[in-house]
Structures are given as structure tokens and as C-alpha cells.
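The structure under discussion appears below in the form of C-alpha cells.
The values are calculated or read from the model by the stated rules, or taken from the named source; none is laboratory data. Predicted, not measured: the structure shown is a model, and the values here were computed from it. When we count neighbours, we look across all protein chains shown, and the Cβ atoms used for this are built from the backbone with ideal geometry, even at glycine. Ligands, DNA and RNA are excluded from the accessible area calculation, which covers all protein heavy atoms including side chains. Shrake-Rupley method; radii C 1.70, N 1.55, O 1.52, S 1.80 Å.
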Amino acid sequence: MTISFQIHSLEIPLVRPFRTSFGSQSVRDVVLVEAVSDSGVSGWGECVTMAWPGYSAEYTSGAIDVMQKFLIPTLEPLLETSPEPDAVRSALSVMQGHPMAKSALSTALLDLWLKERETSLANYLGAVKDKVDCGVSVGIPSSIDSLLEEVGSYVDQGYKRIKLKIEPGWDIDAVRQVRNAWPEMLLQVDANQAYERTDGAHLAQLDQYDLLLIEQPLPEDDFLGHAMISREVNTPICLDESILSVASAQGAIEFGATTIINIKPGRVGGYLTAKEIHDLCVGQGIPVWCGGMLETGIGRAANLALAALPGFVLPGDTSASNRYYAEDVTQPFVLDNGQLPVPSKPGIGIEPIPENLEAMRTAVITA
Ligand code: OSB
Ligand code: MG
């Protein structure tokens, strides 16, 4: 075998705790996958799992386990030379589920493959921009005062869109206060599955605040429920957790469960499928935007390439490094006029800084 993998586990403190309807975190435990060729070149991919299965069924130690026990052995016959991206995806498709683990491995291999071809990920995917507009996702804070303070600091930094995390008990009033303070700001909310089918009338109270969208009010598998909510609420419904494949995107659109889609490469098994969902949405007139999973510079670099495709017409959760981390594992991404640059170097266009990787690392496994 000429390509081997190193699975790096890191712990990086968040600049402020991030609370959503599914839980709170103050440290990001990150897994970076490194695909090492015997000519000494490395490709990198980030595994975006959370430590616990609160956002989706995947979780970090489970992802490491499935990579080691099943996914890497499945890829082994392909690793004599740098494999074609499509071959990697079809090999991994014999194992069910675990899109985030698959995405981390396939992105590391894709980065390596693109470096050999001296092509950037942005170029490979069909990017049409060299900078992208950035939004920011605001966790559920302890009070309205701290919400207004946090939003104010992001507005001052130049973010082009604010997303508030909501849950029952922290929704209508929080939105009202932010809307009153910033009447013109692009504003949207994300419920992370915290509501029920019967909450349509409640959520319709948000219609008066001119939101871009309401993200994922109901559980992941409830397409019918989202279609029911869409009939009661005028604000567009946008699915995140429910969109796991091209087929689920197609189904959700047909069903009337969603009119805008949040694309996260980790959630759909990698950048090839993310691009296919983008292409489907462009064909159907469905606007898309790039979601985030509190990535380090490794995952962020690749997301910026994706967000530069033409269908990404809304600002994404592609915030600057300092939104999350006092120090990133890579050179930091710095906001400039509400935008981040799309990396243009070969592959994902960035690598960990060796000293930072070592300082943040809690474990490394060779697989
Ligand atoms: O639902 O979009 C989400 C973070 C972790 C898990 C799920 C979500 C989020 C965010 C933050 O909203 C996005 C980011 O800034 O990376
Ligand atoms: Mg979301």
C-alpha cells in the first residue's frame, strides 16, 4: 500500500460556549484525517462529528472506530496509487451511513489527488468566485443582553447575515429584539429539530420579522411534517439535518418540505455529493448556502471552495477563524468586508501548522 492514514485527534477551546437546542460545547474535539503518500505528500480532511450524537447519529469516537474497522480496510485495494474521487465514493458506498467519517477520508484523498494534478478544489468543483459572503451562527446565550452584545460584535466585524439558534422558550422574543435593533440585517433562525408538527401556528409568529428562512424545525426523518409546517408559515423552510443525499434532496423538494437547502459536505459524505446536490438545486431553482460544523481551517478551506459555486446565493456559516478559536490549527481565515477568500492553491489549499497540530493534539493513530 502506498497511501496510509494518520487520524489526529485534537482539542481546541471555543472562544465562547456554543449552545444549540441539542446541547452545549465549550471545547471542539476535532478529528483531522491525513492521507500520506509514500512520496511524502499529505492530503487533509476534517471529520465534523460532534463528541455526542446530538446533531445526528454520528459522534467522534464512533467515527474513528468505523474508519479504522471498516472504512479504511474497504479503501485498501484502491490505495496503491492515488485513487480517482469517484472510485473512493463508490468503494465507501458499500458501508451504510457514517457520512461524516466517509467525507473526512474522501476529502483527505481528494486533497492528495488534486495536489498531484496541481488543481485547487475550487477549480475542480467549478467555483465562479474568489471571495464569498459570510454569515455567522449565534448560539443560545444566557440572556437577551448577551445576545444583543454578541450579535452587535458580529455586525461590527462586518458579517453579512446573522443566524440565531432557537428552541421552544428562546425564539419569538429573541428574534423580535434582534430585528428591532438591526432592522435591515439579513436574519435567519435554526431550530436543530427542536419543534413538533403541531408548532406551525407558533412558528408563524416569526413571519412578521422578515427572516430569510427557518432551518430544520422538525426531526431529520420528518419530510411530511416539514411540508405541513411550510403550509402554515410564510417564512421559507430550509432543511439541514434531513438532507443526506441527492435522493433525499430531490424528495424534500418534491414533497414541499423545503424551498432552500443548507449543504454540508460532511453530512452528505463528501464534496462530490455536495456538488451534485448543488447542481440539482440550481436546476430546480432552489437557493443553497454552505453550512458549518465549527470547522478548523482545514474543513473551512474546503467549504469556502464549495461556497464559491454559482448556486450558493445566500451567505453561509463560513465564519472567520476567530469566531470559533483564539488560535486555529492552520493560518487563520480573516474576515475582510464580510467575506473570506477562496483558497487557490492545489487541493484544499491549506495545511495544519505543524507546531499548532502538535500542541492541540491529544492522540494520533496510524491506520
Ligand atoms: O445546525 O448548522 C447547524 C454547528 C454545529 C452543528 C450544527 C450546526 C452548527 C452551526 C454552526 O449552526 C455553524 C458554524 O458556524 O460552523
Ligand atoms: Mg443547522
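Whenever a residue of segment 101-118 is assigned by TED's automatic domain parsing to the domain that holds Met67, its partners that are outside any helix (DSSP H, G or I) and aromatic (Phe, Trp, Tyr), lying with C-beta atoms within less than 6 angstrom and at least six residues away or across chains, give the pairs Ala108/Trp44; Asp111/Trp44.
Summed over segment 245-271, the residues that are touching a residue at least 24 places away in the same chain (Cβ under 8 Å) and surrounded by fewer than 19 Cβ atoms within 10 Å (Cβ to Cβ) give a count of 7.
Here Leu357 passes the criteria (1) under 29 Å from Glu118 (Cβ atoms); (2) more than 16 Å from ligand 2 (Cβ to nearest atom); (3) in the same structural domain as Ile237 (by TED's automatic domain parsing); (4) part of a helix (DSSP H, G or I) except the one numbered (3). Answer yes or no: is there a residue in segment 4-27 that is within 16 Å of ligand 1 (Cβ to nearest atom), in a loop (DSSP other than H, G, I, E, B) and among the β-branched types (Val, Ile, Thr). The answer is no, given that none of the residues of segment 4-27 is within 16 Å of ligand 1 (Cβ to nearest atom), in a loop (DSSP other than H, G, I, E, B) and among the β-branched types (Val, Ile, Thr). When the test is whether a residue is open to solvent by 20 Å² or more (accessible area, probe 1.4 Å) and under 17 Å from Gly45 (Cβ atoms), Glu351 passes it.
Quick check on Ala57: is it without any contact (Cβ under 8 Å) to a residue 60 or more places away in the chain, more than 15 Å from the chain's Cα centre (by Cα) and buried (at least 22 other Cβ atoms within 10 Å of the Cβ)? Can you show your working first?
On the way: without any contact (Cβ under 8 Å) to a residue 60 or more places away in the chain: yes; more than 15 Å from the chain's Cα centre (by Cα): yes; buried (at least 22 other Cβ atoms within 10 Å of the Cβ): no.
Taking the combined requirement at face value, the residue does not satisfy it.
Considering only residues that are under 23 Å from the mean Cα position of the chain (by Cα) and of a type outside the set (A, V, I, L, M), which ones fall in segment 172-203? Answer for segment 172-203, where residues must be under 23 Å from the mean Cα position of the chain (by Cα) and of a type outside the set (A, V, I, L, M): Gln188, Asp190, Asn192, Gln193, Tyr195. Only residues that are open to solvent by 10 Å² or more (accessible area, probe 1.4 Å) and either part of a loop (DSSP other than H, G, I, E, B) or basic (Lys, Arg) (or both) were counted in segment 277-292, giving 4. The residues of segment 163-201 that are open to solvent by 50 Å² or more (accessible area, probe 1.4 Å), away from ligand 1 (no atom under 16 Å from the Cβ) and touching a residue at least 12 places away in the same chain (Cβ under 8 Å), listed by number, are Pro168, Asp173, Arg176, Gln177, Ala181, Trp182, Glu196, Arg197, Ala201. Restricted to helices (runs of 4 or more DSSP H) entirely inside segment 64-145, those with at least 2 residues that are over 30 Å from Asp171 (Cβ atoms), open to solvent by 20 Å² or more (accessible area, probe 1.4 Å) and in contact with a helix residue (DSSP H, G or I) (Cβ under 7 Å, 6 or more places away or on another chain) are 85-92, 99-116. You will find that of Gly297, Gly338, the residue that is under 20 Å from Glu11 (Cβ atoms) and either within 15 Å of ligand 1 (Cβ to nearest atom) or buried (at least 19 other Cβ atoms within 10 Å of the Cβ) (or both) is Gly297 and no other.
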